[in-house]
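Quick notes on the structure that follows.
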Amino acid sequence: MLRILLIDNNPDDRALAIRELGRAFPEAQITEVGIAEQFEQVFINFLFDVVITDYQLHWSDGLTILRTIKAQYPNCPVIMFTSTATQEIALEAMKSGLDDYVIKSPSHYVRLPAAVETALERIAAQQQAASLQARVQTLLNQLDVGVYRLTSDGTLLEGNAAFLRLLGLGSLTEVPPNQTLESYFQAQDYAELLAQLKQNSEVRDREIQLRCADGTTRWVKISKTFTRTNGTTIIDGLMEDITQRKQAEAQAELEKQRSEFLAEASRLLSSSLDYRTTLENLVNLAVPTLADICLVDVIEPATLALGEPIVAASEPEQAALILELRRRYPPPADADYGSIKVLRTGQSELRSTISDSIFEQIAQDADHLRLLQQLGVKASIVVPMMVHDRKFGTIALVKTKAIRRYDRADLEMAEELARRTAIALDNARLYQEAQEANRTKDEFLAIVSHELRNPLNSMLGWAQLLRKRQFEDPTVSRAHEIIARNARLQNKLIEDLLDVSRIIQNRLEISRQSVYLVPVIDAAIETFRPNAEAKAIQISSHLDPLTGQVLGDSERLEQVVSNLLSNAIKFTPNGGRVEVRLEQVGSLAQITLTDSGQGISADFLPFIFERFRQADASKTRSQSGLGLGLAIVRHLVELHGGTVYAASEGEGKGTTFTVQLPLLRSEGAEEQGSKEIPPHAPASPHPLTGIRILVVDDDLDNRELVGFILEQQQAQVILAESAAVAFDVISQTDIDLVISDVGMPNEDGYSLIRRIRTLQSPQKRRVPAIALTAFVKEEDQQEATAAGFQRHLSKPVSPDDLIEAVASLASLLR
């Protein structure tokens, strides 16, 4: 069972990480650590296969955790999963033994299991290498040793069966009389053996290559001594076959080189998020360790087109020749070899031997063949760089010197290199996307600041002038108009931001009832006709009254048309035209809005409905707005089961937006959701005459504004600046209705109304109450109702809406 230690002080991040790890390792045992005491406890009884740690911890940091674990458990892999560490910290962590580094973001959580799997595979490979060394030693202990005797001049006298087997002989008779063993050794090696023997009277554990009778070679370890028997000098020798040991050592050395290469490659891949610099470093590392030539092809998503590769070669002329071949003879799109085939199939290609006949098959002409032969490729490996089925390109390793051929082990190592490279490229891509998202966010926040400050400037400026100076009535009226218009603008900005917040949280809801679109569209047109007339823009409408009903929310559908109209008027120059059409197209109601405005460039058209995206987000842009209106349009239309799309022939050629909504089926169609309640009509010019109203708000300006509005309607108003004061008032005074803010210091409006509902007096306990608050989410309204309020009004509230709500509840008192 896999045991994972997860260190992160953020429980939400831990939960997301556990979810992804649980999907990949359903049987894994995951231990969470969020505080220092927990880490100290688990470190005492440390029984984990892998550790995942954030960098920024309230009580420590990822580097300290890494070094603490590696100091006592150096073979335990550690992965850093964070969004706060810098490249410098990442590099320092790699130097301290970090096994992998994954950027923490919603789109990166799926990378965490892959990093864990890679770290575990690396540890398993290291353990396998250690096991291999142990097996080599065991085999050496079991080998037979050849024993032989020579005359002083090297003539063979006798040898045991093991010795004969080493020479590749069946019996001593196969060695001619008076023949020495010189023919079984390299001449220089034999001469050095005799010289060492004569000088030291012995040779100890000399490792040398033996040429067997069948022409093959093997490694042996030789020990010789001079022995005098009956006045005759004899050479006694031991010969031990160490061929398997030598091969194992060579293989182990090769594995070590590969492991060191992959470790260095991983370091390079994590050292920079500039993919071209990273790949240039990578190909230079591969030559000459793995290849005489290494080239990397990086492709664009969803294409197989090859451009100029990134190349490194042991000889500069070879790199130039590769680039010339690619430039003059690019591989055809249907090529059945090399990078094109590997990209198309997703399968690696191993060619242990490449003959001239292969060049003749792929050459496009005689000059092409000459260049291929000049390059002199002897063997090659081409592997795809892929992660999560996304293809980034290929890595090709080429040998031009026939020292050693490529084998399956080389292919597996190349595939691992390509996998790590693909992960690094994917991380670089995700980092760039994150940077782009941050840039978009920063631009949006700058626009929000600008859009909120502009109307505030007008409102505050006129308010100060009205307070300090005396003006004629026309100037006062104009100031009031400017303040009101800018207040409405700010309210619209806030409503758009709230709508987008609901969209992001998937909490934007609509009512559903049968709706005729003609009056909805007419209402939107009439709302924006003054804006159009101010720019001499002609709005024409062609609304087919026979268009069927749709099932939806009339207010939200009017918001869709209003946003499109506002957009059209904003981007249409003075004297332009806007046309609105409604018609039935099959089973759909189709709304088409066409303007003669500045149009949309082809580059920006695919992003027109994205949140926070604007064709011009610069400080010098000519139009205001947050870039939210069209994103809200798309979401509202999709909530109604419809579609919306935009078309433009380009900048300066106008734009057409088309909304298609499914028609309400006439068979068995019934209105759903709540019915529209007609507004309460006041029974008299002053419907609140004599009603005693308690207004509770900690903000003096809001408190006095509400009181003034109600007093203008002849209501008797008592103002309270806190929930405590309000409770004292209602406990001692007869009150007909309560209007209370929700967010107040010490005690909020919910608590106040709950306490009122517990009073002993039935009249006081049942007093009608309205929540007037800036908390406007759906759950806020539900909480207000649950607390005991009869109505919920959102700030800012218009005087008419406030009077209507109070009059509606007051009518219940009569």
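The values are calculated or read from the model by the stated rules, or taken from the named source; none is laboratory data. All of these numbers come straight from a predicted model, not from anything done at the bench. A quick note on method: Cβ atoms are made from the backbone with ideal geometry, for glycine too, and the neighbour counts reach across all protein chains shown. The accessibility values were calculated without ligands, DNA or RNA, using every heavy atom of the protein model including side chains. Shrake-Rupley method; radii C 1.70, N 1.55, O 1.52, S 1.80 Å.
Annotations for the structure displayed:
- A simple rule links phi to the HN-Hα coupling: the Karplus curve 6.51 cos²θ - 1.76 cosθ + 1.60 with θ = phi - 60°, which for the range 380-389 gives 7, 9, 10, 10, x, 9, 9, 8, 6, 6 Hz, with x for Gly and Pro.
- For the range 391-396, backbone phi angles converted through the Karplus equation (6.51, -1.76, 1.60; θ = phi - 60°) give residue-by-residue couplings of 9, 9, x, 9, 10, 10 Hz, Gly and Pro being listed as x.
- For the range 144-247, relative contact order (Cα pairs under 8 Å, six or more residues apart, normalised by length) works out to 29 percent.
- Loop-resident chymotrypsin sites (Phe, Trp or Tyr not before Pro) (DSSP state other than H, G, I, E or B) in the range 1-92 with no more than 16 further Cβ atoms inside 10 Å of their Cβ: PHE46, TRP59.
- Shown for the range 271-433: the carbon plus sulfur share of the solvent-accessible area, taken with all protein chains present and a 1.4 angstrom probe, equals 50%.
- For the range 692-812: accessible area per residue (Å², 1.4 Å): 48 Å²
- For the range 366-410 versus the range 695-744, the inter-centroid distance based on Cα atoms is 83 Å.
- Size of electric dipole in the range 2-137: Cβ of Lys, Arg +1 and of Asp, Glu -1, about Cα centre, debye, nearest 20: 400 debye
- Surface per residue (accessible, 1.4 Å probe) for the range 144-247, Å²: 54 Å²
- Nearest-20 debye value, the range 144-247 charge dipole, Cβ charges on Lys, Arg, Asp, Glu: 180 debye
- With every protein chain in place, the range 2-137: carbon and sulfur % of accessible area (1.4 Å): 52 percent
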